[in-house]
1. Confirm whether GLN64 is surrounded by fewer than 10 Cβ atoms within 10 Å (Cβ to Cβ) and touching a residue at least 24 places away in the same chain (Cβ under 8 Å).
2. Among the residues of the stretch 87-136, which ones are of a type in the set (Phe, Trp, Tyr) and not in a loop (DSSP other than H, G, I, E, B)?
3. Which one of these does ALA86 not meet: (1) surrounded by 10 or more Cβ atoms within 10 Å (Cβ to Cβ); (2) modelled with pLDDT of 90 or more; (3) more than 30 Å from LYS145 (Cβ to Cβ)?
4. So GLN51 passes all but one of these: (1) within 25 Å of the chain's Cα centre (by Cα); (2) at pLDDT 90 or above. Which condition number does it fail?
5. Could you tell me whether VAL96 is under 30 Å from LEU6 (Cβ atoms) and either touching a residue at least 40 places away in the same chain (Cβ under 8 Å) or out of contact with any strand residue (DSSP E or B) (no Cβ under 8 Å at 6 or more places or on another chain) (or both)?
6. Yes or no: the stretch 125-140 includes at least one residue that is free of Cβ contacts under 8 Å to residues at least 24 places away in the same chain, touching a helix residue (DSSP H, G or I) at 6+ places or on another chain (Cβ under 8 Å) and not assigned by TED's automatic domain parsing to the domain that holds ILE10.
7. Counting only residues that are surrounded by 10 or more Cβ atoms within 10 Å (Cβ to Cβ) and basic (Lys, Arg), which one in the stretch 98-148 is farthest from ASP68 (Cα to Cα)?
8. Can you tell which of ASP19, ASP73 is under 30 Å from LYS145 (Cβ atoms), within 33 Å of the chain's Cα centre (by Cα) and not hydroxyl-bearing (Ser, Thr, Tyr)?
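The values are calculated or read from the model by the stated rules, or taken from the named source; none is laboratory data. Values in this document were obtained by computation on a predicted structure and should not be read as measured data. Ideal geometry is used to build each Cβ from the backbone, glycine not excepted, and the neighbour counts take in all protein chains shown.
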Amino acid sequence: MKKTSLCEHIGEQLSGFLDGELSQQESQRVSVHLSQCHSCSQTYEQLKQIQGAVSQTYYPNLEQQKMDAVLQDLTSRRMFDFAWFAIVSGVLISIVFGVYHFWFDSSIALYSKIVMSLIWGGGIGLFLTVLRQRLIISKTDKYNKVDL
């Protein structure tokens, strides 16, 4: 049996109806349709069963000490430090290389070099100002150690 456009519309709203996310008018419309349409009612019941099965699933929490041990593992810390070193080094080398070629390229006019340098210098200055503020605030941030 082919679904009508009303059934398709109601089918799109079943998840919201199940989670109580619909407005009162939409919820009443879906409820009335479910009482009259066997196919949509079956789909709704299947969604309820799936939601119930998912809500009963047990996810054990890893103890905080074990989590800290994993995060503070010497190998993990070294890999983390190396990764940051590699990223920062690569970015700095790329910037130095780009600035060198930009300033020594004779096809670019001097005023263009000065204007672009001022724009980039201003952007870097703003970035460093915000970074400095964030680092200062992070030392006194009372929510810094909050586990979510």
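1. Yes, satisfied.
2. PHE97, TYR100, PHE102, TRP103, TYR111, TRP120, PHE127
3. All conditions are met except number (3).
4. All conditions pass for GLN51, except number (2).
5. For VAL96, the condition - under 30 Å from LEU6 (Cβ atoms) and either touching a residue at least 40 places away in the same chain (Cβ under 8 Å) or out of contact with any strand residue (DSSP E or B) (no Cβ under 8 Å at 6 or more places or on another chain) (or both) - is not met.
6. no
7. Ranking the candidates gives LYS113 first.
8. The unique qualifying residue is ASP73.
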